[in-house]
Amino acid sequence: MTKESRRPGSWRRLFMLSLALVLVACGSPDAPPPTATLPAGAAAATATNTPATQQPAPTSATSPTELPAPVVATDTPSAIDTTALPPTEAPAAPHPIADIYGLNGFAADVNPLTGLVVSNPAVLNRRPLAIKISNYPPIVRPQAGLGSADLVFEHYAEGGVTRFTAVFYTNDANPVGSVRSGRLIDLEIPRMYDAAFAYSGSSGPVQQMIRDSVFF
């Protein structure tokens, strides 16, 4: 077969292919494109994005209970029944005495040695009396009249024993004793109160000093 005898067939095939393409292109444009049909039950498997709905917060069905106001406890003083109390006696008027006490400032009825009021002011006009009283041996106890003295001085004598010098002014004592010998301290105590001194002996030097004193 020659080259010229094959050319008419080739043109024929080319013409038919072009015609088919024209027919396809000229088809109805309103025809909907084919759609694929899903089998039954496939729609349930399709995932959809559905926004979550916010649930309201649960509310209590009971209303709040109002608490009562706090009560502050106060101590209320109870009334005192004064009708049962005994009547109060008015205090006695104080004894009039001088406001200032001193050497020349005591009242006429006040003992200057004790500061006490005396029942008989006349006893304050006499001179005090200092008496030497023993405190050893134990047989001399209890001493006589020692409790009636206005002032009592206890002092060391010797050998671990003591003696008393008692000053009597407003009170009397009968008897007084036992009376002992004077000591050096008895040069001072009677002089302080301008008192007379009663004693029973003393050592030679002390005896001489007592005799030379202003109150002997």
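Computed values, structure above
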item	result
Count of residues meeting criterion [part of a loop (DSSP other than H, G, I, E, B) and of a type outside the set (A, V, I, L, M, F, W, C)] in the range 146-165	3
Number of positions in the range 171-187 that are crowded, with 19+ Cβ neighbours inside 10 Å and of a type outside the set (D, E, K, R)	2
Residue, surrounded by the most Cβ atoms within 10 Å (Cβ to Cβ), within the range 188-202, restricted to residues that are modelled with pLDDT of 85 or more and more than 22 Å from Thr114 (Cα to Cα)	Tyr199
Residue within the range 124-132 that is surrounded by fewer than 16 Cβ atoms within 10 Å (Cβ to Cβ), over 30 Å from Pro94 (Cα atoms) and aliphatic (A, V, I, L, M) present	no
Flag for Ile185 being modelled with pLDDT under 90 and in contact with a His (Cβ under 7 Å, 6 or more places away or on another chain)	yes
Positions within the range 165-216 being in contact with a Lys or Arg (Cβ under 9 Å, 6 or more places away or on another chain) and of a type in the set (Lys, Arg), in sequence order	Arg180, Arg183
Selection count, the range 128-177, where residues are more than 14 Å from Ile189 (Cα to Cα) and basic (Lys, Arg)	1
Conditions (1) over 22 Å from Val123 (Cα atoms); (2) modelled with pLDDT under 90; (3) within 59 Å of the chain's Cα centre (by Cα); number of the one not met by Glu154	(2)
Residues satisfying the stated conditions in the range 66-116, i.e. modelled with pLDDT under 70 and surrounded by 10 or more Cβ atoms within 10 Å (Cβ to Cβ)	Ile97, Ala98, Tyr101
Count of residues meeting criterion [within 20 Å of Ala198 (Cβ to Cβ) and either part of a strand (DSSP E or B) or touching a helix residue (DSSP H, G or I) at 6+ places or on another chain (Cβ under 7 Å) (or both)] in the range 108-145	7
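The values are calculated or read from the model by the stated rules, or taken from the named source; none is laboratory data. The structure displayed is predicted, hence computed values, not measured ones. Using ideal geometry, Cβ is built from the backbone for each residue, glycine included, and neighbour counts are taken over all protein chains shown.
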